[in-house]
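The values are calculated or read from the model by the stated rules, or taken from the named source; none is laboratory data. From a predicted model like this one, the values you see are computed outputs, not experimental measurements. As a convention, Cβ positions derive from the backbone with ideal geometry for all residues, glycine included, and neighbour counts pool all protein chains shown. Protein only, heavy atoms only, side chains kept; ligands, DNA and RNA dropped before computing areas. Shrake-Rupley method; radii C 1.70, N 1.55, O 1.52, S 1.80 Å.
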Amino acid sequence: MAAGDGVIIGYSIDLQFRGGVLIRHPTTTGVVITQYWHVWPRPGFAVGTTVKRGDAFADVADMGSLTHLHFAVFSGDYEPHAWNGALPPSRCSGFPAFPYRFIDPKAFIEAHALQPMPALARGARI
């Protein structure tokens, strides 16, 4: 699922790692790019497609007993390094878990989570 509203800006196919997707997100503190590895985009999702937070834009690739997903947040606009890091921190790609300009993805998601709506007073109308 997309971690935030944005646009798919990259899709890579690799025989070993399956697919990788990059989504560009404008935020109040600047642009970030979320990265997803070992996924196949769903029909209707391609480079240039706008996504909303929570959209299921891809499926995790079947890698047998090694099936897993990597997720990362790159601080800044696109550059080649935006492909080089992801969680979990195991190094299936050989790249470090948090290389150059990557930020803690859990903190990013928590900072951009939707706030629950306050409870309405009994009898209130919307």
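Worth a mention:
- Relative to the current alpha-carbon distance between Leu15 and Thr49, full extension at 0.36 nm per residue lengthens the span by 9.9 nm.
- 5 angstrom amide H check on Val32, placed H, neighbours 5+ away: His25, Thr27, Gly76
- Cβ crowding within 10 Å averaged over residues, with 8-14, 65-71 ranked highest first: 8-14, 65-71
- Note on segment 12-54: the C-alpha convex hull projects to 3.5 nm² when averaged across all orientations.
- Amide hydrogen neighbours beyond the local backbone of Val51, cut-off 5 Å, H modeled: Gly6, Val7, Ile8
- Estimated at the nearest 10 Å², the accessible area of Val60 is 80 Å² with a 1.4 Å probe.
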